[in-house]
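Enquirer: I have a structure I would like to understand better, so I am pasting it below and will then ask my questions one at a time.
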There are 2 protein chains.
Amino acid sequence: MQLSSRIRAIPEPAGNAWEIYERAQEMRTEGIDVTMLSIGDHDTITPEPIIAHMAGAARQGNTGYASVPGMAPLRAAIAERATLRTGAAAVAGNVFVTPGGQFALFEALMAVTDPGDKVVMIDPYYATYPITIRAAGAAPVIVKADPDNGFQPDLQDMAAKLPGCRALLLNTPNNPTGAVYSRDTLNAIAELCQAHDVWLISDEVYDGQIWEGEHLSPRGLPGMAERTIVIGSMSKSHIMTGFRLGWVLAPEQVVNAIWELAIATTYGVPGFIQEAACFALTEGDAIEAEATARYRSRRDLAVDVLRGANGLRLSAPQGAMYVMVDIRPTGLSGIAFARKLLEEHHIAVMPGEGFGQAAAGHLRVSLTLEDDALVAALRTLAGLAGALAV
Amino acid sequence: MQLSSRIRAIPEPAGNAWEIYERAQEMRTEGIDVTMLSIGDHDTITPEPIIAHMAGAARQGNTGYASVPGMAPLRAAIAERATLRTGAAAVAGNVFVTPGGQFALFEALMAVTDPGDKVVMIDPYYATYPITIRAAGAAPVIVKADPDNGFQPDLQDMAAKLPGCRALLLNTPNNPTGAVYSRDTLNAIAELCQAHDVWLISDEVYDGQIWEGEHLSPRGLPGMAERTIVIGSMSKSHIMTGFRLGWVLAPEQVVNAIWELAIATTYGVPGFIQEAACFALTEGDAIEAEATARYRSRRDLAVDVLRGANGLRLSAPQGAMYVMVDIRPTGLSGIAFARKLLEEHHIAVMPGEGFGQAAAGHLRVSLTLEDDALVAALRTLAGLAGALAV
């Protein structure tokens with residue numbers, strides 16, 4: 001029996017970005033104590049008040065089909081947050097609640113691209129972008145962001161590639177690089193989108209994790225709200241990765257189109273999860289502040305330990321919960337280094353190659369460990385880099 | 001800004017199947033006491049042990065990213081159930097856990113059809129089938145099931161239409177009609193699928209709600225396991241509609257293909273929901289039995305009240321939680337009758353037209369109300385039909 005061509009075309013031809021992570025998981029089931037600095041998941045569980053709110057909502061009877069676009073108070077809370085964070089007024093009708101930011105991205109791509117359409121994305125990229133674009137039947141077009149230019153996107157290359165494309169996918173603060181795009185960069189990108197009549201899909205799930213400068217949403221730039229679709233999520237801000245709650249923030253015509261797609265696919269997000277998210281957004285400022293402060297302090301710590309250490313280079317992340325370590329002076333690829341680090345020292349990080357060619361020879365280290373253990377792991381990493389430096 | 005052609009093509013050209021339901025919801029927010037017999041949602045909340053299990057799993061720390069194909073014990077429990085219910089051995093590797101049966105259907109369609117491929121489905125159909133097929137970029141091809149033939153599919157028509165199609169979508173026990181397909185019917189369908197090399201997608205979310213005869217899964221017929229994808233769900237069996245937990249049961253190549261699609265879209269189902277479902281499947285037999293007994297007794301009650309009542313006809317449902325009432329003797333369409341019943345008597349049912357042309361002049365009544373109130377509502381419905389009968 002033959003599978004569809006499209007589903008066979010989804011996987012990355014280059015192979016498995018998750019090799020190290022999966023090997024680390026295997027080692028853990030074998031009883032080996034592996035230090036996990038690989039994926040972007042928190043090292044703490046979701047705060048109790050959020051769990052209690054979810055359980056309470058279920059016990060009060062919110063266990064039937066929930067509102068498909070999202071319950072009104074949640075959409076309103078997201079709109080209020082979006083108005084503040086993106087700098088352009090949003091109303092509940094601009095919000096569509098999704099099972100996770102990943103699905104929000106898929107819905108956005110379904111709404112603005114047809115099969116075969118081209119979508120520009122920046123390399124290094126979040127590991128699932130190319131497969132999500134292909135899952136929607138569109139084709140990724142890569143614009144590089146040079147590590148030696150602080151991982152800022154190459155605007156000349158973008159200007160050359162954008163004509164004829166349907167959409168541009170941005171992510172600032174950026175995963176994996178930690179780059180935060182400047183106002184000048186975003187202004188230039190906004191002009192390009194308008195000149196070439198391109199949709200801008202802006203993944204802003206790290207919008208609260210800013211260590212240098214400020215978060216700017218392209219949605220807030222003149223003339224951009226009508227062509228910008230913002231992807232948001234509770235995962236990183238409120239320690240709710242496992243709740244799978246995200247959203248699309250978009251012009252109402254996009255929201256209405258996604259509504260029909262959601263009826264045909266996920267049929268809404270569990271009502272008790274929506275209530276938990278609504279509580280977290282309206283009364284969980286302290287939770288978000290605490291999580292953010294934790295990552296800020298770990299980021300500072302990581303920069304202290306790694307900067308100037310033998311055999312590696314570092315551009316200090318301006319945002320997000322990762323550090324990109326440049327191990328090119330060791331002469332090893334990111335994959336080879338990550339394998340060595342895992343097998344010899346039981347520390348799991350993500351090889352840069354999993355995030356695109358521009359991140360080759362790098363490691364993405366997640367700041368998902370408490371201070372002492374994090375420092376110890378980073379020193380081990382730096383020691384290995386020093387021993388290998390050519 | 002232009003939306004994609006494909007997303008604009010999803011909605012039903014005939015308009016809104018949910019008109020009556022939405023109007024009923026509106027009336028309720030206006031403070032009107034509407035009897036809801038419209039959608040297939042339970043009138044009781046999810047049993048406390050399932051909610052307690054979910055909350056406990058979250059509190060024990062299952063709030064991070066969960067296994068994307070589903071946690072091993074849940075996949076094993078689903079495989080065990082599937083082995084019993086479909087009559088063909090299944091292992092965990094045949095199971096992929098999804099956020100709801102609706103999404104399982106979407107993933108199945110993505111896996112076996114390419115854009116433009118044709119998919120045969122039976123009319124009357126569950127209201128979202130055509131939009132789900134179109135959301136996957138495929139094209140529905142309709143085969144009718146005549147109400148005067150107990151809503152069994154027209155096999156001659158199917159034989160004529162199946163050549164050149166990529167897949168056939170079946171649903172037994174059937175929503176909305178309550179028809180359960182016989183062994184002869186399913187054998188004939190299986191032969192057609194093999195003769196024309198067609199995938200069979202078998203929606204069996206009502207597999208436990210059987211009032212006459214027995215549930216037969218086409219997956220259990222000779223040579224069919226390799227070309228059959230079964231859609232399952234916790235929604236109806238364990239009163240868990242709002243949990244959005246379903247699954248695909250399929251050959252391993254399909255499961256592996258869907259895995260990549262899931263990474264690109266939903267990135268798994270919340271771990272605490274998976275744990276609740278695992279508990280319900282392994283220790284919730286009494287919950288399922290109680291829910292099933294309730295619908296069986298209501299179904300018998302409904303048949304007693306409606307059969308032979310003036311101005312309407314009834315084919316007693318062989319399965320599922322609905323009764324299809326034939327109101328053609330009144331001369332009204334299902335929509336006109338449902339509107340009248342809602343506006344004059346504040347009872348909401350689904351007009352047959354929302355489920356396809358073959359269900360025109362029918363009403364689908366959900367058995368989602370306790371006995372006395374259900375009987376009263378059905379008597380009112382029958383009285384209106386009697387008064388209108390020509």
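Enquirer: Around A:Trp18, with a cut-off of 14 angstrom between Cβ atoms, what is the net charge of the other residues, counting Lys and Arg +1 and Asp and Glu -1?
Expert: -4
Enquirer: Can you give the percent of C-alpha pairs in region A:1-150 whose distance is more than 21 Å?
Expert: In whole percent, the share of Cα-Cα pairs in region A:1-150 beyond 21 Å is 67.
Enquirer: From the phi angles alone, apply the Karplus equation (6.51, -1.76, 1.60; θ = phi - 60°) to region A:157-166 and give each ³J(HN,Hα) in whole Hz, x where the residue is Gly or Pro.
Expert: Values per residue, Gly and Pro as x: 4, 4, 4, 6, 9, 5, x, x, 8, 8 Hz.
Enquirer: Pull up all non-local amide H partners of B:Gln318: gap of 5 or more, or a different chain, and H-to-H distance under 5 Å with H placed in the peptide plane.
Expert: B:Ala179, B:Val180
Enquirer: Whose amide H sits under 5 Å from the amide H of A:Thr172, counting only residues 5 or more places off or on another chain, with H placed in the peptide plane?
Expert: A:Asp203
Enquirer: Looking for one value pair here: nearest-to-axis residue in chain B (by Cβ) for the rotation onto A, and the distance in whole angstrom.
Expert: Closest to the rotation axis on chain B: B:Ala55, 2.
Enquirer: What is the projected area of the convex hull of the Cα atoms of region A:47-95, averaged over all directions, in nm²?
Expert: It is 4.2 nm².
Enquirer: Roughly what % antiparallel, to the nearest 5, for the DSSP beta bridges in chain A? All intermediate terms of the calculation are to be shown ahead of the outcome.
Expert: Details: 20 of 40 bridges.
Roughly 50 percent of the beta bridges in chain A run antiparallel, per DSSP.
Enquirer: Let me check the size of chain A from its C-alpha atoms; what are the radius of gyration and Dmax in Å?
Expert: 20.6, 64
Enquirer: Nm distances between the label at B:Ala389 and the same-position labels in the remaining copies, 7 Å along Cα→Cβ, shortest first?
Expert: Nearest first, the other copies' label points are 9.4 nm away.
Enquirer: Oh, and also: Could I get the Rg over Rh figure for region A:91-132? Both from C-alpha atoms, Rh via Kirkwood, rounded to two places.
Expert: On the way: Rg = 11.9 Å, Rh = 11.9 Å.
That ratio is 1.01, to two decimals.
Enquirer: Taking just the alpha-carbon atoms of region A:210-274, what radius of gyration and Dmax come out, in angstrom?
Expert: Values for region A:210-274 (Cα only, Rg and Dmax): 14.4, 42 Å.
Enquirer: At 20 °C and 1.002 mPa s, grab the translational diffusion coefficient of region A:61-283 from Stokes-Einstein with a Kirkwood Rh over Cα pairs, rounded to a whole number in µm² per second.
Expert: My calculation gives 123 µm²/s for D.
Enquirer: Still on this structure: Using θ = phi - 60° and the Karplus form 6.51 cos²θ - 1.76 cosθ + 1.60, what ³J(HN,Hα) does each residue of region A:59-75 get, whole Hz, x for Gly and Pro?
Expert: With the stated coefficients, region A:59-75 comes to 5, 7, x, 7, 10, x, 4, 9, 4, 5, x, x, 5, 3, x, 5, 4 Hz.
Enquirer: For a quick check: with amide H placed at 1.01 Å from N, whose amide H comes under 5 Å from A:Lys144's, ignoring anything fewer than 5 positions away on the same chain?
Expert: A:Asp123, A:Asp154
Enquirer: Here's a follow-up. When N counts the residues of the protein assembly as shown, how does its alpha-carbon radius of gyration compare numerically with 2.2 N^0.38 Å, as a ratio?
Expert: Details: Rg = 26.9 Å, N = 780, 2.2 N^0.38 = 27.6 Å.
Ratio of Rg to 2.2 N^0.38 Å for the protein assembly as shown: 0.97.
Enquirer: Using a label point 7 Å beyond Cα on the Cα-Cβ vector, give me the inter-copy distances for A:Ser67 in nanometres, one decimal, shortest first.
Expert: 3.6
Enquirer: Could you tell me the relative contact order of chain A? Use alpha-carbon pairs under 8 Å, at least six residues apart, and round to a whole percent.
Expert: 24 percent
Enquirer: How many partner chain Cβ atoms sit within 10 Å of a residue's Cβ in peptide B:127-139, on average, as a whole number? Could the numbers behind the result be given before it?
Expert: On the way: counts 1, 5, 1, 1, 5, 5, 1, 3, 7, 4, 6, 1, 0.
Average per residue, whole number: 3.
Enquirer: Let me ask something else about it. How would you classify region A:170-259 from its alpha-carbon gyration tensor, with a ≥ b ≥ c the square roots of the eigenvalues: rounded for a/c under 1.5, else prolate if a/b is greater than b/c, otherwise oblate?
Expert: The shape class here is oblate.
Enquirer: Give me the net charge of A:Val325's neighbourhood, meaning all other residues with Cβ under 11 Å from the Cβ of A:Val325; Lys, Arg count +1, Asp, Glu -1.
Expert: Details: positive: A:Arg307, A:Arg313, A:Arg328, A:Arg364; negative: A:Asp326.
Result for the neighbourhood of A:Val325: +3.
Enquirer: Same structure, new question: Filter B:Lys161/B:Lys340; A:Lys161/A:Lys340; A:Lys236/B:Lys118; A:Lys118/B:Lys236; A:Lys118/A:Lys236 down to the pairs with a C-alpha to C-alpha distance above 31 Å, please.
Expert: B:Lys161/B:Lys340; A:Lys161/A:Lys340; A:Lys236/B:Lys118; A:Lys118/B:Lys236
Enquirer: With θ set to phi - 60°, apply the Karplus curve 6.51 cos²θ - 1.76 cosθ + 1.60 along region B:250-260 and write out the HN-Hα couplings as whole Hz, x wherever there is a Gly or Pro.
Expert: Computed from phi, the couplings for region B:250-260 are 7, x, 4, 5, 5, 4, 5, 5, 5, 3, 5 Hz.
Enquirer: Hey, with R₀ at 51 Å, roughly what FRET efficiency would B:Asn187 and A:Ala336 work out to, going by the Cβ-Cβ distance, to 0.05?
Expert: Working: r = 57 Å, r/R0 = 1.11.
Using R0 = 51 Å, I get an efficiency of 0.35.
Enquirer: Contact order normalised by length for region A:225-381, with contacts defined as Cα pairs under 8 Å and 6 or more residues apart; what percent is it?
Expert: 16 percent
Enquirer: Ordered shortest first, which distances in nm separate the 7 Å Cα→C-beta label point of B:Ala188 from those of the other copies?
Expert: 6.9
Just so you know, all these numbers are worked out from the coordinates, no wet-lab data involved. Source: prediction; values computed, not measured. Backbone-built Cβ (ideal geometry, glycine too); neighbour counts: all protein chains shown.
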